[in-house]
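*Asks:* I'd like to ask you about the structure that follows.
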Amino acid sequence: MNILLLSSLLYADAQLDKAERIRLSEEIKGLEKRGRWQAIDIKYRKILELKDAQPSFRDHSIAAQASSNLGNMLATYKRVKRAYAIDQTEDLKAWFGALEQTLAPVEITVGRSFKEDFALKIQDELYEPDDQNAFAFAQKVLSKRRKFKGLLPYGEYTIGNESFTVAPVKFPEEIKELLSSAVKVKVPPPPAPPLISYMGPRFSIGGAYTGAGTPIRDLNVNAASFAGLGGRLSLGWQVHLRFGFDIFAELDVRNMMSSLGKEPLYLEEYGLTEDGTEFSGDNYFGAGLFSGVSYSIKDLDMFAGFSISQGVAEIQGIDTSTSSNYQTTCIEESRDFSVCDDNTRLQDALVMRGNITSGGLALGATYNLFSITDKLRGGLNATLGLQSDTSRTYYWGQVGLSITPFRSVKQ
Amino acid sequence: MTYFYLIGLLQANATEIPVTSNGHASNPVWSNDGTKLAFEVNEYAGKIDLFSVSMNGIEYLDIKQVQASVGGASFGSGGSINAAPVWQKRGPKWALIFEHARKGVPNRIYSTDFIRPARPVIQMDQLEGDLSWPTLSKDQKQMYFISDIKGSGDIYSYSFKGRAIESVVASDSFSEMAPVLNESGSLLYTRKHGNGEDVYVTAGGNDSKWVGGNGDQTRPAWADNTVVFFSNERGVDLWDVVSSSKPSQKTVLGKGIRLPMRAPPSISPDKQWVVYGMEDPKKSSSLWFSKLDGTKTFSYNTEHIACGEPSLTESDGRILLAYTALPAEGSAWRKLHVVDVTDLFQ
């Protein structure tokens with residue numbers, strides 16, 4: 001009983017498959033008239049998936065036309081052969097003979113790490129629709145899967161950095177063996193470009209602003225905050241790396257000559273007179289190192305990095321809020337007067353000299369306006385720095401002209 | 001106007017091109033070098049067969065029937081129309097571009113290199129509808145054709161490299177037909193309007209009427225910068241061959257000509273003459289040559305009757321003439337003949 005039931009079910013499944021094959025075949029026939037090759041290809045593949053039904057001669061033939069129009073010539077060859085296995089017509093014999101005379105198997109693999117353009121190109125123009133279809137199909141498959149196994153028209157091809165020739169081959173009897181005689185092409189990643197693409201000097205000159213904030217740490221005597229204008233000159237070296245950005249290092253000198261909104265104060269009663277001292281106002285002179293990375297978008301260079309400075313400052317006035325012991329500390333000026341009393345005017349007039357060592361960050365931008373040589377270009381530059389010596393913050397800025405290596409010329 | 005009729009210059013020894021299909025041979029089309037000849041055989045029963053012949057002078061080497069596809073419903077050529085051939089040079093070989101249609105299937109343009117089955121040049125997903133009138137640019141890298149996708153016929157171009165399709169001439173309510181380019185790239189075509197058809201030229205983006213008139217001015221051909229066309233200005237079934245060396249100017253070269261089935265006027269290789277057949281039974285055993293400036297006309301006697309569909313070419317310095325005609329007796333079908341007419345031009 002069970003065997004009977006099982007065989008009945010199997011028979012019913014087979015009948016369903018056959019009915020489905022007939023339905024798909026009729027659809028294929030209708031689609032062929034309208035040239036709907038993609039739809040035909042899909043329905044033919046559905047027929048192939050049926051367990052208990054096989055495509056008819058007409059299915060194979062129309063599906064071969066479809067794959068030919070889609071450019072999948074390996075599928076075309078298989079389908080023509082299948083049709084020919086059913087009915088050995090002269091037309092089909094001529095067809096697969098023509099495929100064997102004009103196409104050859106090719107296997108192309110493009111490495112995942114290959115990042116360059118890998119469009120398949122052919123030396124001679126293709127005119128025959130079958131050839132154009134086959135070439136376009138290979139291009140499409142390669143761009144999608146980076147791998148192509150199939151048939152291509154004879155010719156000289158290039159892909160990536162590889163060239164290859166598709167030449168006549170003898171087609172084996174067994175289609176399975178066809179790809180074993182394929183031209184095998186692997187497109188390896190191109191050798192990495194040199195780490196340094198180009199490099200050159202980096203220079204800037206311009207007006208500078210230098211300032212010091214209020215101290216945050218108590219000392220016996222802390223100089224008052226200061227700010228003023230001066231100049232900055234920098235000279236360094238810039239290197240363009242293959243990753244698309246530059247690194248640079250530059251040495252600079254910067255000074256502050258004129259104090260902003262603060263006149264020197266001379267107190268004759270303490271021996272501090274204009275004639276008797278070299279002090280003419282707050283001033284600063286320092287040298288430093290600025291190093292970082294630079295990135296370009298067209299003519300605009302943006303850069304950032306760390307900066308360190310060592311300088312000498314001469315500042316008039318003390319910051320009484322953080323100078324815990326200024327009243328008992330004697331500061332020697334050139335005239336050797338003492339400040340050991342509580343005198344506000346005197347606190348403002350005291351001149352302090354000292355070394356400043358600070359470090360921090362700086363950033364800026366250059367808008368390049370002109371070429372100086374074919375390797376250097378110049379433009380307007382603006383830079384801002386923020387540094388600290390742990391007692392207080394120092395800030396500086398520069399606006400001026402700059403020269404940087406020209407990025408479009410590789411050295 | 002002066003006509004010089006030099007009747008009966010030569011008696012032709014023509015080669016007949018044999019084919020197995022029944023029907024009237026028509027529309028012989030030469031390759032540019034005269035080594036290939038394609039022609040149609042029309043049985044007038046919904047079927048037109050297309051044949052390709054390899055030629056060596058007036059001798060045929062082999063004859064192939066051109067089929068549009070293999071397999072399935074389009075197996076063989078039964079009930080199909082394969083027509084309007086155009087030869088395209090592909091490297092050392094010639095390929096044939098032609099129109100194909102069959103029941104339930106739009107008219108499309110196919111191509112074959114005679115090694116593989118013919119395939120549509122333009123796929124449905126590129127441009128739907130009926131495609132017709134294929135013609136090639138001088139460098140043969142572009143094809144111009146008519147598409148009815150917008151209702152009436154418009155002219156499109158197709159680039160064989162890159163497979164790009166572009167609209168060239170389009171009008172909302174008129175049909176453009178019969179595009180043909182001269183050496184400088186000026187596009188000649190006709191535009192159907194109401195009950196008439198006029199000749200237009202488009203060059204450098206400017207579209208202008210070249211010549212019009214009553215009835216149809218149709219199937220124009222370039223002879224350098226002169227336009228030669230057929231006109232039925234005198235009546236529906238009265239066809240003349242006309243030349244026009246400048247816009248609006250017309251010179252009637254021959255009256256009462258036998259209108260070819262599909263072909264434009266055939267121009268001699270030196271671009272000085274047009275050849276045609278005549279409807280008048282007394283004149284129909286000859287083919288007639290008229291100089292394009294209208295100063296001279298002569299006939300060329302054949303051994304056939306009802307001569308028509310002439311097509312001239314030059315091959316290895318010889319001038320060859322293909323034409324169709326009925327034998328003097330014994331056949332119901334027009335056959336294709338080829339004859340060497342070099343001496344006529346010397």
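*Asks:* Loop sites only, by DSSP: take the GluC sites (Glu not before Pro) in chain A that have at most 15 other C-beta atoms within 10 Å and name the longest stretch containing none of them. Can you show the working numbers first?
*Replies:* Details: sites that count: A:116, A:125, A:173, A:174, A:274, A:278, A:332.
No qualifying site falls inside A:1-115, the longest such stretch.
*Asks:* From Cα pairs below 8 angstrom and at least 6 apart in sequence, can you work out the relative contact order of segment B:199-346, rounded to a whole percent?
*Replies:* About 13 percent, as a whole number.
*Asks:* From Cα pairs below 8 angstrom and at least 6 apart in sequence, can you work out the relative contact order of chain A, rounded to a whole percent?
*Replies:* Details: 899 pairs, mean separation 49.0, N = 411.
Once divided by the residue count of chain A, the mean separation gives 12 percent.
*Asks:* Roughly how crowded by other chains is peptide B:101-108, in terms of the mean Cβ count from those chains within 10 Å of each of its Cβ atoms?
*Replies:* 2
*Asks:* Could I have the simple spin-label model distance between residue B:63 and residue A:19, label points 7 Å from Cα toward Cβ, reported in nm to one decimal?
*Replies:* Placing both labels 7 Å along Cα→Cβ, they lie 5.3 nm apart.
*Asks:* Report the full-extension gain for the segment residue B:167 to residue B:214: residue separation times 0.36 nm, less the Cα-Cα distance, to one decimal in nm.
*Replies:* Gain on stretching residue B:167 to residue B:214: 14.0 nm.
*Asks:* Mind checking which aspartates and glutamates have their C-alpha under 17 Å from residue A:298, skipping anything on the same chain fewer than 8 residues away?
*Replies:* Partners found: A:246, A:374.
*Asks:* Take A:367, A:266 and sort them by solvent-accessible surface of the protein heavy atoms, 1.4 Å probe, largest at the top.
*Replies:* A:367, A:266
*Asks:* Quick one: net charge around residue A:384, please, counting Lys, Arg +1 and Asp, Glu -1 for every other residue with C-beta under 13 Å from its C-beta.
*Replies:* Combined, the nearby Lys, Arg, Asp and Glu give +2.
*Asks:* Which ³J(HN,Hα) values, rounded to whole Hz and listed in residue order, are derived for segment A:225-234 from phi using the Karplus coefficients 6.51, -1.76 and 1.60 in 6.51 cos²θ - 1.76 cosθ + 1.60 with θ = phi - 60°, glycine and proline given as x?
*Replies:* Computed from phi, the couplings for segment A:225-234 are 5, 8, 7, x, 10, x, x, 9, 10, 9 Hz.
*Asks:* Here is a follow-up. Pop a pseudo-label 7 angstrom from the Cα along the beta-carbon direction at both residue A:196 and residue A:50 and give the gap in nm to one decimal.
*Replies:* 7.1
*Asks:* Whole angstrom only: what separates the Cα centroid of segment B:161-183 from the Cα centroid of segment A:196-211?
*Replies:* About 61 Å separates the Cα centre of segment B:161-183 from the one of segment A:196-211.
*Asks:* ³J(HN,Hα) across segment B:147-156 via Karplus (A = 6.51, B = -1.76, C = 1.60, θ = phi - 60°), whole Hz, x for Gly/Pro?
*Replies:* Values, residue by residue: 10, 9, 4, 9, x, 9, x, 10, 9, 10 Hz.
*Asks:* Classify segment A:90-175: rounded, prolate or oblate, from the alpha-carbon gyration tensor (a ≥ b ≥ c, eigenvalue square roots; a/c under 1.5 rounded; otherwise prolate if a/b is larger than b/c)?
*Replies:* Cα axes put segment A:90-175 in the prolate bin.
*Asks:* Let me ask something else about it. Determine one quarter of the surface area of the Cα convex hull of segment B:26-268, which equals its mean projected area, and express it in nm² to one decimal.
*Replies:* That works out to 13.8 nm², a quarter of the Cα hull's surface.
*Asks:* As an exercise, use a Förster radius of 35 Å and the Cβ-Cβ distance of residue B:43 and residue A:158 to find the FRET efficiency, rounded to the nearest 0.05.
*Replies:* In this case the efficiency is close to 0.10.
*Asks:* What accessible area, summed over both chains, is buried at the A-B interface (1.4 Å probe, Å², nearest 100)?
*Replies:* It comes to approximately 2700 Å² buried between A and B.
*Asks:* Sticking with this one: Which FRET efficiency value, to the nearest 0.05, do you get for residue A:217 and residue A:251 by plugging their Cβ-Cβ distance into 1/(1 + (r/R0)^6) with R0 = 25 Å? The partial results should precede the final answer.
*Replies:* Working: r = 29 Å, r/R0 = 1.17.
With a Förster radius of 25 Å, E is 0.30.
*Asks:* Still on this structure: To the nearest 20 debye, what charge dipole does the protein assembly as shown have about its Cα centre, counting +1 at the Cβ of each Lys and Arg and -1 at the Cβ of each Asp and Glu? Mind dumping the intermediate values first?
*Replies:* On the way: 79 positive and 88 negative charges, 622 e Å.
With only Lys, Arg, Asp and Glu charged at Cβ, the dipole is about 2980 debye.
*Asks:* Mind scanning A:33/B:161; B:103/B:192; A:93/A:176; B:36/B:138; B:209/B:250; A:81/A:170 and naming the pairs with a C-alpha gap bigger than 21 Å?
*Replies:* A:33/B:161; B:103/B:192
*Asks:* Given the -39500 (n - 2.57) contribution per DSSP H run of 4+ residues, what per-residue ellipticity at 222 nm results for chain A, rounded to the nearest 500 deg cm²/dmol?
*Replies:* -8500 deg cm²/dmol
*Asks:* If you don't mind, there's one more thing I want to ask. For peptide A:126-137, how many partner chain Cβ atoms fall within 10 Å of a residue's Cβ, on average? Spell out each step's value before the answer.
*Replies:* Details: counts 4, 14, 12, 14, 8, 4, 7, 4, 0, 0, 1, 0.
So the per-residue partner count for this stretch is 6.
*Asks:* So if I take the centroid of the Cα atoms in segment B:17-62 and the same for segment B:193-231, what is the distance between those two points in Å?
*Replies:* Segment B:17-62 and segment B:193-231 have Cα centres separated by 28 Å.
*Asks:* For segment B:26-268, what's the relative contact order in percent, using C-alpha pairs closer than 8 Å and at least 6 residues apart?
*Replies:* Dividing the mean separation by the residue count of segment B:26-268 yields 9 percent.
*Asks:* Can I ask one more? Determine the shielding of peptide B:120-129 by partner chains: average, over its residues, the number of Cβ atoms on other chains within 10 angstrom of each Cβ.
*Replies:* Rounded to a whole number, the mean comes out at 3.
*Asks:* What does the charge add up to near residue B:134, with Lys and Arg as +1, Asp and Glu as -1, over the other residues with Cβ less than 11 Å from its Cβ? It would help to have the intermediate numbers written out before the result.
*Replies:* Numbers: positive: B:108; negative: B:99.
Taking every other residue near residue B:134 into account, the sum is 0.
*Asks:* Could I ask something else about it? In debye, nearest 20, what is the charge dipole magnitude of segment B:175-240 about its Cα centre with +1 on Lys and Arg Cβ and -1 on Asp and Glu Cβ, if you could check?
*Replies:* Dipole magnitude for segment B:175-240 comes out near 100 debye.
*Asks:* Follow-up question, since we're still on this one. Relative to the compact globular guide of 2.2 N^0.38 Å, what is the alpha carbon radius of gyration of chain A, as a ratio?
*Replies:* For chain A, the normalised Cα radius of gyration comes out at 1.92.
*Asks:* Also, I was wondering about something else. Add +1 for every Lys or Arg and -1 for every Asp or Glu among the other residues with Cβ under 10 Å from the Cβ of residue B:30, and state the total.
*Replies:* Computed value for this residue: -1.
*Asks:* Next question. Between residue A:312 and residue A:280, how many nm apart are label points set 7 Å from Cα along the C-beta direction?
*Replies:* 1.6
*Asks:* Give the residues of segment A:183-197 whose amide nitrogen is closer than 17 Å to a point set 7 Å from the Cα of residue A:243 in the direction of its Cβ.
*Replies:* Answer for segment A:183-197: A:192-197.
*Asks:* Write down Rg/Rh for the protein assembly as shown, rounded to two decimals, with Rg from the C-alpha atoms and Rh from the Kirkwood relation over Cα pairs.
*Replies:* Looking at the protein assembly as shown, the ratio lands at 1.30.
*Asks:* Could you go through segment A:206-214 in sequence order and give the Karplus-derived ³J(HN,Hα) for each residue, using 6.51 cos²θ - 1.76 cosθ + 1.60 with θ = phi - 60°, rounded to whole Hz, and x for Gly and Pro?
*Replies:* Rounded to whole hertz, the list is x, x, 10, 10, 10, x, 10, x, 6.
The values are calculated or read from the model by the stated rules, or taken from the named source; none is laboratory data. Computed from a predicted model, the values in this text were never measured in an experiment. Positions of Cβ are generated from backbone atoms using ideal geometry, with glycine treated the same way; all protein chains shown enter the neighbour counts. Please note that ligands, DNA and RNA were not included when accessible areas were found on the heavy atoms of the full protein model with its side chains. Shrake-Rupley method; radii C 1.70, N 1.55, O 1.52, S 1.80 Å.
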